[in-house]
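What follows is a short report on a single structure.
The values are calculated or read from the model by the stated rules, or taken from the named source; none is laboratory data. Remember, it's a predicted structure, so these values are computed and weren't measured experimentally. Backbone-built Cβ (ideal geometry, glycine too); neighbour counts: all protein chains shown. To get the accessible areas, we keep the full protein, side chains included, count just its heavy atoms, and leave off ligands, DNA and RNA. Shrake-Rupley method; radii C 1.70, N 1.55, O 1.52, S 1.80 Å.
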Amino acid sequence: MDSINGSEAPQESDVKSFFDSAPPLRDGDLICRKLKEFMDGIARSSESGSPVRVVCVTSGGTTVPLEQRCVRYIDNFSSGYRGAASTEYFVKAGYAVIFVYRRGSCQPYCSYLPQDSFLEFFDLTEDSSIQVCQSHATVVKKAIRDYRKAVDEGLLLKLPFTTIFEYLQILKLVATSMSCTGTHGMFYLAAAVSDFYVPWESMAEHKIQSAVGPLDMRLTQVPKMLSVLRREWAPSAFCISFKLETDPDILLQKADAAMRKYGMHVVIANALATYKEEVIFVTKGGRTTVRRHNKDSDLEEQLTDLLVETHSEYIKQPGVEL
Ligand code: PMT
């Protein structure tokens, strides 16, 4: 198994103070219960002779609240399309997916929905009941069938987050619950994660007043949790992180650094201007450019195919299990 360069790990005290300062996770008990049921279902399938691979897909951007009773927040760029589409392809490949997503971002099996209004999909009949427009019927039927199948077969669990606090608390719960059940699994970290935050205890409780004049605010660095995930929460999981940059000239060097510093198995490098068309798949073995075939195809399909293949190779190694 790969080693991690400990010198790049965040200070334990920074990680502790991040979690200590975070507001308690809403519905934490419910999330733990759902995770347990989901993992138990997977264990039952595996015992009955069909081992199921598990992947945690994170998707959408985390927010950083500026006030405890939050009116204003800093957001991170991500529609959630990549995570939602990849979830569909992982399920199709037989993986059970824990989909950790930003509330209101793209959802698996719904990525074709019109941006402006889902009402475009429906018509009223003469007796005032509702029906799906004929023009959209085929796509909606397929989506319902695929979605229900994924849920009924215990292959999809959805857990929402909004803030950086919720995101990292949920990621930790997922990782530890996978480790507790002896599932090594995979992490596909497509969410856009905040690098800076306001600690809860130093955050204004009420709406910051404009009358105080220009706002002067100091943000604390969010500890990079990738190395904590690899080192402590899920040491035997197969981990894929994304690297997003706006300057293509520094992208690959940052992706190589993420491999080295955080012990990722794969880093997927993408530049903001071209991320829908092309990504670079970086492993210890080298770099592969993945380009979208055409405007009707999904880059995520090619990406997940390549990952399933790379994961399969990985778990064939001596001492590595599902
Ligand atoms: O959702 P779409 O609109 O389809 O867009 C997809 C995407 C462009 C958002 C996606 O492809 C992508 O690049 N996601 C990662 C964005 C990001 O956070 O990049 P980063 O370079 O800032 O961070 C790199 C990695 O460090 C990420 O995997 C992140 O999980 C991790 N991180 C970041 C900050 C932090 N404090 N701790 C972390 O562990």
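Which whole-number percent gives the relative contact order of the stretch 1-113, counting Cα pairs below 8 Å spaced six or more residues apart?
Reported as a whole number, the value is 23 percent.
According to the square roots a ≥ b ≥ c of the eigenvalues of the Cα gyration tensor, what is the shape class of the stretch 20-110, taking rounded for a/c under 1.5, prolate for a/b larger than b/c otherwise, and oblate for the remainder?
oblate
Can you give me the C-alpha center-to-center distance between the stretch 230-277 and the stretch 179-219, rounded to a whole angstrom?
Each part reduced to its Cα centre gives a spacing of 20 Å.
Among 66-76, 84-94, how do they line up by average Cβ neighbours within 10 Å per residue, starting with the highest?
84-94, 66-76
For the stretch 1-150, with only Lys/Arg (+1) and Asp/Glu (-1) charged at the beta-carbon, what is the dipole magnitude about the Cα centre, in debye rounded to 20?
That gives a dipole near 340 debye.
Whenever you get a sec, compute what percent of the accessible area on the chain sits on carbon and sulfur atoms (1.4 Å probe).
Result for the chain: 51 percent of the exposed heavy-atom area is carbon or sulfur.
If you take the charge dipole of the stretch 118-225 about its Cα centre, with +1 on Lys and Arg Cβ and -1 on Asp and Glu Cβ, which of P199, L215, S135 is farthest toward its positive end?
P199
Note down the magnitude of the dipole of the chain about its Cα centre, charges +1 on Lys and Arg C-beta and -1 on Asp and Glu C-beta and zero elsewhere, to the nearest 20 debye.
440 debye
Determine the relative contact order of the stretch 82-213: mean sequence separation of Cα pairs under 8 Å and six or more apart, normalised by residue count, in whole percent. Numbers along the way, then the final one.
Values: 87 pairs, mean separation 38.3, N = 132.
After rounding, I find 29 percent.
What FRET efficiency do you get for T274 and T138 if R0 is 25 Å and r is their Cβ-Cβ distance, rounded to the nearest 0.05?
Working: r = 31 Å, r/R0 = 1.26.
After rounding to 0.05, the efficiency reads 0.20.
What does the C-alpha gyration tensor say about the overall shape of the stretch 83-211? Classify as rounded when a/c is under 1.5, otherwise prolate if a/b is larger than b/c, or oblate.
It is oblate, given that a/c is not under 1.5 and a/b is not larger than b/c.
Can you run phi through the Karplus equation (6.51, -1.76, 1.60; θ = phi - 60°) for the stretch 266-273 and list ³J(HN,Hα) in whole Hz, with x for Gly and Pro?
Whole-Hz 3J(HN,Hα) from phi for the stretch 266-273: 9, 10, 9, 8, 9, 9, 3, 5.
State whether the chain is rounded, prolate or oblate according to the following rule on the C-alpha gyration tensor (a ≥ b ≥ c being the square roots of its eigenvalues): a/c under 1.5 gives rounded; otherwise a/b larger than b/c gives prolate, and the remaining case gives oblate. Don't jump to the answer; show the numbers that get you there.
Numbers: a/c = 1.40, a/b = 1.08, b/c = 1.29.
Rounded shape, in that the Cα axes give a/c under 1.5.
Accessible area per residue for the stretch 208-322 in Å², computed with a 1.4 Å probe and the full protein assembly in place, what is it? Please list the in-between numbers first.
Working: 6340 Å² over 115 residues.
Result: 55 Å² per residue.
Could you tell me which GluC sites (Glu not before Pro) in the stretch 166-275 are loop residues by DSSP with no more than 10 other beta carbons within 10 angstrom of their beta carbon?
Here the sparse-neighbourhood loop sites are E205.
Taking only protein heavy atoms into account and a 1.4 Å probe, give the accessible area per residue of the stretch 1-105 in Å².
That works out to 50 Å² for each residue.
Kyte-Doolittle cut-off 0.5, length cut-off 15 Å along the helix's own axis using Cα: show which whole DSSP H helices in the chain pass.
164-180
Step through the table entries K158/K295; K34/K92; K172/K316; K254/K276; K284/K316, compare each Cα-Cα distance with 25 Å, and write down the pairs that go over it.
Among K158/K295; K34/K92; K172/K316; K254/K276; K284/K316, the Cα-Cα distance tops 25 Å for K158/K295; K172/K316.
What's the extension gain from T288 to A93 if we count 0.36 nm per residue and subtract their Cα-Cα distance?
Gain in length upon complete extension: 68.1 nm.
Residue-wise, which Karplus ³J(HN,Hα) couplings in Hz belong to the stretch 202-207, taking 6.51 cos²θ - 1.76 cosθ + 1.60, θ = phi - 60°, and x for glycine or proline?
Going residue by residue, I get 9, 8, 4, 6, 9, 3 Hz, with x marking Gly and Pro.
Explain nothing, just the number: relative contact order of the stretch 168-241, from Cα pairs under 8 Å at least 6 residues apart, as a whole percent.
Dividing the mean separation by the residue count of the stretch 168-241 yields 54 percent.
Karplus couplings for the stretch 291-296 from phi (6.51 cos²θ - 1.76 cosθ + 1.60, θ = phi - 60°), rounded to Hz, Gly and Pro as x?
Using θ = phi - 60°, the values come out as 10, 5, 4, 7, 5, 8 Hz.
For the stretch 277-322, which GluC sites (Glu not before Pro) are in a loop by DSSP, counting at most 16 other Cβ atoms within 10 Å?
Sparse-neighbourhood loop GluC sites (Glu not before Pro): E277, E321.
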